[in-house]
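Okay, so here's the structure we're looking at.
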Amino acid sequence: MKDRYAYYPGCLASLSQKELDSSSRAIMGKLGVELVEMPSVTCCGAGDIHEAKPDYYLHISARILGQAERSGCDTILTICNVCTLNLRQANERLRENPEELARVNDNLQQTGIGTYQGGVDVRHLLWEVSTGDGYERFKEIAVRSLEGLKVAPFYGCQILRPAKLLGFEDPDRPESLERLITACGAEPVDYPAKVKCCGFPIVLAREDVALGELVQPLSQATEAGADVMVTPCPLCHLSLDAWQAKAENTAGEEFNLPILHLAQLLGAAAGIEESTLKFRRHITRLSDDVKEKLKLPSVVSAD
Amino acid sequence: MEFTLKIERYDPDTDQGRLQEFTVDAPETATLLDVLDVVKDTVDGSVTYRKSCRMAVCGSCGMRMDGAAVLACKTPMAPLAEEGRVPVISPMGNLPVIKDLVVDMDPFWAKFKAVKPWLEEDDRPPVKEWRVQQEELDRIMKEALCIQCGCCVSECNSMEADPDFLGPAALAKAQRFVGDARDRDRSERLRTLNGPHGVWDCTRCYFCNQRCPKGVDPRDAIAKLGAEAFRERLTRDEGAKHAKVFVSSTYRGGYLRETELVPKTIGPIGAITQIPFALQLARAGKVPNPLSPHKAKDNAEVKRLWKLLEAQTPTTRERATRGADGAGA
Amino acid sequence: MVRHDVVVVGAGVAGMRAAIEASRYGADVAVVSKLHPTRSHSGAAEGGINAALGNASEDSPEQHTFFTVKGSDYLGDQDAIAVMCEEGPGDIYELEHMGCIFSRTPDGKIAQRPFGAGGAPRTCYAADITGHVLLHVLYEQLVKSQVTVYEEWFALDLVMDGDRCVGLTAWDLVHGGVQGVEAGAVVLATGGLGRMYRGTTNAYACTGDGMSMAWRAGVALKDMEFMQFHPTTLKANGVLITEGCRGEGGYLRNAEGDRFMFNYAPNAGELASRDVVSRAEQTEIDEGRGVDGCVLLDLTHLGAKKINTVLHGSRELAMDYAGVDPIEEPIPVRPGSHYHMGGVDTDVWGRTSMPGLYAAGECACVSVHGANRLGGNSLLETVVFGRRSGAAAAQDVRSNGSGGVFSPSAVRVAERRIAQLLYNFDGVRPHVIRDELADTMYSNAGIFRTAEGLEQCVADIADLRERYRDGLGVVIQDKSRTFNSDLIQALELGSMLQMADCLVTGAVARTESRGAHSRLDHPDRDDEHWLRHSLTSYDDGQVALDYKAVTITEFEPAVRTY
């Protein structure tokens, strides 16, 4: 883990999923990490711009990477699966193809935008705290053992696949979330759909199909006895949390499964205040029982 | 070396399935296919699977190992044996099972045929070859690598939820023609592919890229089709409209204008039906103030960048004439 | 029972080209194939397809003809070779128009590279996946043509009315049951038989079934003793590494690091004819200058860029099956059985001695390859003669109609036979006989042959055929009628045993060395006695041997050196 990162929270974490931003800042702060702001960035474009306007996607990515570079950081910290894949994909294309990089920089210069020299790496918060000294540091600050809490990890897609662009762990047998859940004192719950798609990219354009995907992790995790689900991606979170009621309709089942952002789970274990973790912003409410298991002070009586 | 595996059997005559374990000896270099051959030859001749080339070009032997589609002939068994892992071998997903590891490929071929998978060349072809630059053909070389094995389809999350989705293999095949400088039917093809169960149904799970044993990257081919649709101005599908919001948000302020996403994707009428849903989000504070959207610093330069790149993108007509030119070029 | 004008058996490049052509002539065409078409072994061809386009150098069909004749060690029929070389360019252009993605020269023409013993750079290629590209282009055209395809139907026997072929019986693998396929004309395009050898580049499907069907129906097979051994195959599983690697500048080295080929072929070096290179390699290995039973194919000097573009497939194969990255280190290779020059005796239109029966591709012998085939000429043969036999078959039907009556008893007889085979519990598993066959072929009918080795082989095959007892000597464990691949493998073994018998009968009789047939006891070519094709015919289950003249038009047989 680095001492400082260029911080790229992405759109959802900054807007509808603000709770993720506040939790991430808090947990990184507690880990002693400096997050350098990047006030001029745009949305990474998600799979949408990458598909619709591939060259524009390449350029706005280069702009973001260049800003991080100029801020004196060698690594961008992301807190979203999609941002991670998008920036890493563009980064690889630029770093592997000097002609491409030159062409892109030429265009950037023409519009008065700073160029990118290829000196930045992009890493998700999940990777930084689930191994190495990041993991050790986290274990030190995870003072509130969430014993008794059963957590279903949901990886989603774009933090695992394609492995040749992400390469952090085996995409079919990932373990990073489980390691962190254990470090929080909680119990990871296994189920097959934890690496499948939540459907977010098509949840508006093809809601039926997305719901057909979404019911799988929700149903399986609930059946496996999970109290909560945790995910490293705010897009997955939005699907699993906000569309959960619709998924219940599709499945004809009740889930009542609160969805946590990874940073919220880590924050709870590290004793970060509820006002920062902002569970109130969730659509699928946390029950008192879950709040107790999360050792939230508002529920747990002082002993 | 000793190899143990479990095979998901299915007997169509009795409609019975079961998991059966086998342990056999095979050379250290044995692939999954080699081990299956030893099982079939020496233990149980009724174990059924397809095979032919054993060198990963014919596409016959697609099957799942521990739930992930692979080519049996390309999967070395020694690493698993050394790990003490006993894999479960099962048929590919998203296709009906005929017997044991053999799936019915008819639905797969039906989708292949649905994308009109042959070159429609110009009415006046040259006598000799079309004169095409290597780099033009390189554009479709990845898609042309496809051996139609079905590994991408096996795990397609979208197809699992919607069996009518054309799917990664058919769409990659379609891109092979849309991107072929000699094909005259580009617009027609794109119109079909932009319809229901087409390009915009892809959920971007990237399972296809991950599973493909030949490096075709079908998801990337689908993305190329999306880009072609935009160049062709075929942007009526909800999926395309969804993408437009992302694009315009960047140069209008920086971050995604989430509040515009629903109405602009599914239209005003659709948006009205989603009002209860939106209110739910609003109550939780999840709806950003539409009247003061995010404005990043220095965003004006993004608009300039956008305009520059749009000016650089050749129009459809320009690309078509710049393409294959056989007549006296 | 189904009925079509033209029925093509086999859906590789030759079969599909025949079907497409026949349908262009307005015939109602069907293809019967034991595999889905794109699974056919044509897809494994890598290096390229020859034609005298003249894009890389001065060239002409006459030059192409000469090098092919020489390559054949003068056993090729020169009129047929001339036809193939003359029509080649037109066929290549047509393939390109169909959509074939040939690699290009800087000015956008079809690129051509040198191949073994070709003389000029004449081999058109699509990186190193030429066969894959051709196979898929033809399948696309087949789909477009709406020809009926009966896939995963295993052809059993030809059906005759008198002396005319009126169709065939086939086993429907997916659903079970014998199907009668009535045809005005049948085109066999069933490929080769490499699987009878241990150490082959061939797919599991290459078991000589079509040749066997024709032979059993009384049609003579020609030049069966000529089996080509490809110089660069991988040790672990026989997988082919294309000649294109040498065409792009790769070297062959022995354990001492020497480019030994120049001792055997002072001019052509690594690009000598395949039989010459295979014999050279085997000699190096036998004389102790090999590395673990192999020689080394060195591509390291070609550079990552070249390897990753035009030899990308080969690199993948080397990494997957030899654990070697050719960018970094040489690939250990050795000779393996690869292509069968012999096959069903045909003329230049694919006609056999049986009215209503045609053949094209590797299962046929026109002969355009004689005693040894040049790299790049096989794909050419499949396209040219696939087209010609499709045309001839369609015209045949137009003139002669159905030609005869297909008796339903043929189907009943076949059903009974299959039932007998399935319900046999007495015997060995087919692989026992299959492995013994493969071993004796490898040891006794391989690159270097001797009289005693071949005689041993003849005896071994006789013994194996007796033990096989037409299928009743083996036990098929899968008793189901649904997708019974165990049954198919047992039937394929029968084809291989019969074809092996023909091959070694021809080989033991031919007391000379010519092309790929190398006799240590008769090391010289003997034009006086042996400038003739062998013919092996069915004689009450045994092999009868006869001979036929070679057509020599322009090139008198000369000494063959490289």
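The values are calculated or read from the model by the stated rules, or taken from the named source; none is laboratory data. Everything numeric in this text was worked out from a predicted model, so none of it was measured. FYI the Cβ positions are ideal-geometry reconstructions off the backbone, even for glycines, and counts take in every protein chain you see.
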Residues of segment C:316-343 that turn out to be within 21 Å of C:ALA203 (Cβ to Cβ) and free of Cβ contacts under 8 Å to residues at least 40 places away in the same chain, as a count: 3
For C:ASN424: the one exception among (1) surrounded by fewer than 18 Cβ atoms within 10 Å (Cβ to Cβ); (2) within 14 Å of chain B (Cβ to nearest Cβ); (3) in a helix (DSSP H, G or I): (3)
Residues of segment B:277-312 satisfying the condition of being surrounded by 15 or more Cβ atoms within 10 Å (Cβ to Cβ) and assigned to a loop (DSSP other than H, G, I, E, B): B:ALA284, B:LYS286, B:VAL287, B:PRO288, B:PRO293, B:HIS294, B:ALA296, B:ASP298, B:ASN299
Segment B:78-120, residues that are away from chain C (no Cβ under 14 Å) and surrounded by fewer than 16 Cβ atoms within 10 Å (Cβ to Cβ): B:GLU82, B:GLU83, B:GLY84, B:ARG85, B:VAL86, B:VAL88
All positions within segment B:176-204 that are buried (at least 24 other Cβ atoms within 10 Å of the Cβ), on the phi < 0 side of the Ramachandran plot and within 12 Å of chain A (Cβ to nearest Cβ): B:GLY198, B:VAL199, B:TRP200, B:ASP201, B:CYS202, B:THR203
Given (1) within 14 Å of another protein chain (Cβ to nearest Cβ); (2) part of a helix (DSSP H, G or I), number of the condition C:ARG279 does not satisfy: (1)
Members of segment B:34-50 that are surrounded by fewer than 20 Cβ atoms within 10 Å (Cβ to Cβ), part of a loop (DSSP other than H, G, I, E, B) and touching an Asp or Glu at 6+ places or on another chain (Cβ under 9 Å): B:ASP44, B:SER46
C:ASP439 assigned to a helix (DSSP H, G or I) and of a type in the set (D, E, K, R): yes
Residue count, segment C:178-230 (criterion: over 16 Å from the mean Cα position of the chain (by Cα), assigned to a strand (DSSP E or B) and not β-branched (Val, Ile, Thr)): 6
B:GLY285, sole failed condition from (1) touching a helix residue (DSSP H, G or I) at 6+ places or on another chain (Cβ under 8 Å); (2) closer than 21 Å to B:LYS241 by Cβ: (2)
Restricting segment C:157-210 to residues that are closer than 24 Å to C:CYS502 by Cβ and of a type in the set (Asp, Glu), the residue that is surrounded by the fewest Cβ atoms within 10 Å (Cβ to Cβ): C:ASP163
Residues of segment C:167-210 satisfying the condition of being at positive phi and in contact with a strand residue (DSSP E or B) (Cβ under 7 Å, 6 or more places away or on another chain): C:GLY167, C:GLY199
Options C:ARG416, C:ARG469, C:ARG465; residue that is basic (Lys, Arg) and without any contact (Cβ under 8 Å) to a residue 24 or more places away in the chain: C:ARG416
Evaluation of B:PHE3 against (1) touching a helix residue (DSSP H, G or I) at 6+ places or on another chain (Cβ under 9 Å); (2) of a type in the set (Phe, Trp, Tyr); (3) within 17 Å of C:ASP478 (Cβ to Cβ) (one fails), failing number: (3)
Qualifying residue in segment A:13-25 (condition: at pLDDT below 95, part of a helix (DSSP H, G or I) and not hydroxyl-bearing (Ser, Thr, Tyr)): yes
Selection from segment C:533-556 of residues that are in contact (Cβ under 8 Å) with a residue 24 or more places away in the chain, of a type in the set (Asp, Glu) and more than 10 Å from C:ALA220 (Cα to Cα): C:GLU554
Meets criteria (touching a Leu at 6+ places or on another chain (Cβ under 7 Å) and acidic (Asp, Glu)) for B:ASP100: no
Subset of segment B:215-244 (residues that are in contact (Cβ under 8 Å) with a residue 60 or more places away in the chain and either within 14 Å of A:ILE202 (Cβ to Cβ) or at the interface with chain A (Cβ under 7 Å from one of its Cβ atoms) (or both)): none
Selection count, segment A:1-37, where residues are out of contact with any Pro (no Cβ under 8 Å at 6 or more places or on another chain), surrounded by fewer than 24 Cβ atoms within 10 Å (Cβ to Cβ) and facing chain B (nearest Cβ under 9 Å): 2
Residue in segment C:289-303 that is surrounded by the most Cβ atoms within 10 Å (Cβ to Cβ), counting only those that are among the charged types (D, E, K, R) and at pLDDT 95 or above: C:ASP298
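For segment C:313-398, give me every one of the strands (runs of 3 or more DSSP E) that falls completely inside it and has 1 or more residues that are at pLDDT 95 or above and under 23 Å from C:VAL277 (Cα atoms).
Details: elements: C:331-340, C:343-345, C:357-359.
Once the strands (runs of 3 or more DSSP E) in segment C:313-398 are filtered for at least 1 residues that are at pLDDT 95 or above and under 23 Å from C:VAL277 (Cα atoms), what remains is C:331-340.
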Check on C:GLU58, more than 14 Å from chain B (Cβ to nearest Cβ) and modelled with pLDDT under 95: yes
Residue count, segment A:252-278 (criterion: part of a helix (DSSP H, G or I) and surrounded by 18 or more Cβ atoms within 10 Å (Cβ to Cβ)): 9
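To keep it simple, each residue is scored yes or no on (1) among the acidic types (Asp, Glu); (2) part of a loop (DSSP other than H, G, I, E, B); (3) without any contact (Cβ under 8 Å) to a residue 12 or more places away in the chain; (4) over 23 Å from B:ASP162 (Cα atoms).
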| position | (1), (2), (3), (4) |
| --- | --- |
| B:ILE89 | no, no, no, yes |
| B:GLY93 | no, yes, no, no |
| B:PHE108 | no, no, no, no |
| B:LYS111 | no, no, no, no |
| B:LYS116 | no, yes, no, no |
| B:PRO125 | no, yes, no, yes |
| B:GLU129 | yes, yes, no, yes |
| B:VAL132 | no, yes, no, yes |
| B:LEU137 | no, no, no, yes |
One residue from C:LEU35, C:LEU75 being crowded, with 21+ Cβ neighbours inside 10 Å and within 13 Å of chain B (Cβ to nearest Cβ): C:LEU35
Residue list for segment C:428-449, restricted to those being of a type in the set (Ser, Thr, Tyr) and either surrounded by 21 or more Cβ atoms within 10 Å (Cβ to Cβ) or within 13 Å of another protein chain (Cβ to nearest Cβ) (or both): C:THR440
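Considering every residue within segment C:216-233, establish whether at least one is closer than 23 Å to C:PRO114 by Cβ and of a type in the set (Lys, Arg). Break it down stepwise before answering.
At the first step, the residues of segment C:216-233 found to be closer than 23 Å to C:PRO114 by Cβ are C:228-233.
Still in the list and also of a type in the set (Lys, Arg): none.
Looking for residues that are closer than 23 Å to C:PRO114 by Cβ and of a type in the set (Lys, Arg), one finds none in segment C:216-233, hence no.
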Check on C:LEU138, of a type outside the set (S, T, N, Q), in contact with a strand residue (DSSP E or B) (Cβ under 9 Å, 6 or more places away or on another chain) and within 12 Å of chain B (Cβ to nearest Cβ): no
